[in-house]
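Asks: To start, I am sharing the structure in question, which I have written as structure tokens.
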Amino acid sequence: MIEPREHLINELRKCEEWEKDQGDLWLWEKLGRLPFKLIDRFTPEFIQKKVGVILDELGTYIQSGGRYLSSASALKNYYPEQNIHTLLDVEALPISKMDEAAEKLSSNRKRTAALQGASTGVGGIFTLTIDIPLLLGIQLKTLQDIAICYGFDPADRNERMFIVKILQFVSSDIVGKKAILQQLSMFGSKEEGAKREVVSELQGWREVVFSYRDQIGWKKLFQMIPIAGLLFGAFINRSAVNDIAEAGIILYRKRVIVNRLQQNMITEIKPES
């Protein structure tokens, strides 16, 4: 099913408004990063090393999906009341149905992240090293499953690169967000030059790790306090997954909308030829 062109344009406008609103977060992001940058030299070495492990994890994820790879075979879990078996079946669904599946998935993952953060926060400094890679795993799995909800295959290497760019987008300041949005808009482009440019841009994906450290690292310091870390851990993890899920839903639904607008244009042109 392809929605009316006017409806698609209106939905695309909502996605673009969300992108513009991301600039309003810049001041708070800067203030949030400042403490960690100021005390960077005093940050416990084990935290820096554990966050550094993410570099290798993301490298493996981009190349093969590693232990994080989701499968499109789980489609029945996202659309239990629909006769959906393949990603092609998903493409025929109205965007509103895709949104419902993605939002339901997001709610479940936020609860999971909160429980995980609380359980690993109980032990303070002793369980903090376990929590950091687990949080990355939840974020990656959430984005992959959102991709599946919108009919994209995370087993495709290009989709995994798109997902890492979303991670980078969420962790960036306003200047970085603008640049990354421009790069993300090239995904799916039929121009080989544009595709190659996106791939070359991803060579700087190590920035994801450093920005991830800036955003998460100092907050995790509060989780080092036993028992009190339970509350901090639950809040921090839920907030991190919420931000990732929100960005993933908007950016993937935008791709669906743009694809359908292009299909509409092709359909309108065909009778005239």
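Asks: Write out the GluC sites (Glu not before Pro) in the stretch 67-173 meeting two conditions: DSSP loop, and at most 16 other Cβ atoms within 10 Å of their Cβ.
Replies: Numbers: sites: E81, E91, E100, E103, E159; in loops: E81.
Passing both the DSSP loop test and the Cβ count: E81.
Asks: In whole Hz, what ³J(HN,Hα) sequence does the stretch 104-113 give by Karplus (6.51, -1.76, 1.60; θ = phi - 60°), x for Gly and Pro?
Replies: Result, rounded to whole Hz: 5, 4, 4, 4, 5, 5, 5, 5, 4, 5.
Asks: So, taking all protein chains as they sit and a 1.4 Å probe, how much accessible area belongs to V122, in Å² rounded to tens?
Replies: Accessible area of V122: about 60 Å².
Asks: When only the heavy atoms of the protein chains count and the probe is 1.4 Å, how do F235, F162, F152 rank by accessible area, highest first? The partial results should precede the final answer.
Replies: On the way: F235 145, F162 0, F152 25 Å².
The residues order as F235, F152, F162, largest area first.
Asks: How big is the accessible area of L87 in square angstrom, nearest 10, if you roll a 1.4 angstrom probe over the protein chains?
Replies: Approximately 30 Å² of L87 is accessible to the 1.4 Å probe.
Asks: Exceeding 21 Å between C-alpha atoms, which entries from my cross-link table qualify? They are K104/K178; K20/K165; K14/K97; K104/K165; K14/K254. Don't skip to the end; give the middle numbers.
Replies: Details: K104/K178 28 Å; K20/K165 18 Å; K14/K97 17 Å; K104/K165 23 Å; K14/K254 9 Å.
Pairs exceeding 21 Å: K104/K178; K104/K165.
The values are calculated or read from the model by the stated rules, or taken from the named source; none is laboratory data. Model, not experiment: these values are computed from the prediction. For neighbour counting, all protein chains shown are included, and Cβ atoms are generated from backbone atoms with ideal geometry for every residue, glycine included. Accessible surface is based on the protein model in full, side chains and every heavy atom, while ligands, DNA and RNA are left aside. Shrake-Rupley method; radii C 1.70, N 1.55, O 1.52, S 1.80 Å.
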